[in-house]
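Nothing in this text is a laboratory measurement; each read-out follows from the coordinates by a stated rule. All of these numbers come straight from a predicted model, not from anything done at the bench. Cβ placement follows ideal geometry from the backbone for every residue including glycine, while neighbour counts extend to all protein chains displayed.
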Amino acid sequence: MLPALEAAELPADAIEVGRIADAWGIKGWFKVFPHSAQPEALFSSRRWFLMPPGGAAQVFRLPVREAREHADCVVASSPDVPDRTAAEALKGARVFVPRSSFPTPGDDEYYWVDLIGLEVHNREGVVLGTVRELLATGPQTTLVLEAEPAAGETKPVERMVPFVSAFVDKVDLQAKLITVDWQPDY
């Protein structure tokens, strides 16, 4: 059971950014496993929205006093979570942050969530697919595209394109389009 948190409605622009892993220490701090290697959204927002584990429809607002990196996770505290017992009750909750709370990305920087669903064309205008997901592959990020099945096939075509300036010519979030220097048979 979650501590006495205020029931809330999930904002229309809410993005899931992590999951509460466990209590941390004895003063009500808790560990969060972020979904991103760079969890700035967790640091920039002073209010998180929690959805309890198990697909519960109830959403709660959690004011955040402090959040900081610690080893492979983020640790945070809230004035509404006074002790370890209350922090333990948060275990497994999914953490959402309004997209409007995200820090503004720099030039040629994009949030992954903004790239998913964009159509990818090559320089010749050939549609290579739609961004289904992104993979962190060490030194670079890779776009995973899904395209219509080839003639006579039923399984969608999957393509991977490194998300680096050598291959990505332009990202147009308004047009929901990424233009790349890539061929369908690569």
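Explain nothing, just compute: Karplus ³J(HN,Hα) = 6.51 cos²θ - 1.76 cosθ + 1.60, θ = phi - 60°, for every residue of segment 38-43 in order, whole Hz, x for Gly and Pro.
Those phi angles translate into 10, x, 4, 4, 5, 7 Hz.
Please list, ordered by chain and number, the residues whose modelled amide H lies under 5 Å from the amide H of residue 21; skip anything fewer than 5 residues away on the same chain.
Distant-sequence amide H within range of residue 21: 31, 32, 33, 92.
Given segment 112-180, what percent of its DSSP beta bridges are antiparallel, to the nearest 5?
85 percent
So if a site counts as exposed when it's one of the GluC sites (Glu not before Pro), its DSSP state isn't H, G, I, E or B, and it has at most 15 other Cβ atoms within 10 Å, what's the longest stretch of the chain without one?
Longest stretch, sites excluded: 10-108.
Using a 7 Å offset from the Cα along the Cα-to-Cβ direction at both residue 104 and residue 4, what is the distance between the two label points in nm, to one decimal?
A separation of 4.1 nm, rounded to one decimal place.
How many nm separate the modelled label positions at residue 47 and residue 140, each set 7 Å beyond the Cα in the direction of the Cβ?
4.2 nm
For segment 97-111, just list the computed ³J(HN,Hα) in residue order, Karplus coefficients 6.51, -1.76 and 1.60, θ = phi - 60°, integers in Hz, with x standing in for Gly and Pro.
Working through the residues one at a time gives 10, x, 4, 5, 8, 5, x, 5, x, x, 4, 6, 10, 9, 7 Hz.
If each residue's Cβ is checked for other Cβ atoms within 10 Å, how do 118, 173, 128 rank with the fewest at the top?
173, 118, 128
Please identify the trypsin sites (Lys or Arg not before Pro) of segment 13-74 that satisfy two criteria: DSSP loop assignment and at most 15 other Cβ atoms within 10 Å. Which are they?
Passing sites in segment 13-74 are 27, 46, 65.
Match the structure shown to one of the listed values (i) 16.5; (ii) 18.4; (iii) 19.0 of Kirkwood radius over Cα pairs in Å, computed from it, and give that label.
(ii)
Would you mind counting up the charge near residue 142? Only other residues with Cβ under 14 Å from its Cβ, with Lys and Arg at +1 and Asp and Glu at -1.
-1
Based on the Cβ-Cβ distance from residue 36 to residue 154, what FRET efficiency comes out when R0 is 35 Å, to the nearest 0.05?
Calculated transfer efficiency: 0.55.
Quick one: compute the contact order of the chain, relative version, from alpha carbon pairs under 8 angstrom and 6+ residues apart, as a percent.
So the answer I get is 19 percent.
Among all the aspartates and glutamates, which ones have a C-alpha under 19 Å from residue 27's C-alpha, if same-chain residues fewer than 8 places away are not counted?
Candidates past the 8-residue exclusion: 66, 69, 80, 83, 88.
Assuming R0 = 41 Å, can you tell me the calculated FRET efficiency for the pair residue 181 and residue 65, based on Cβ-Cβ distance, to the nearest 0.05?
About 0.30, to the nearest 0.05.
In terms of Cα to Cα distance under 16 Å, which lysines are near enough to residue 31, apart from those fewer than 8 places away along the same chain?
Filter leaves 91.
Taking a cut-off of 29 Å between Cα atoms, list the lysines near residue 155, but don't count ones fewer than 8 places away on the same chain.
170, 176
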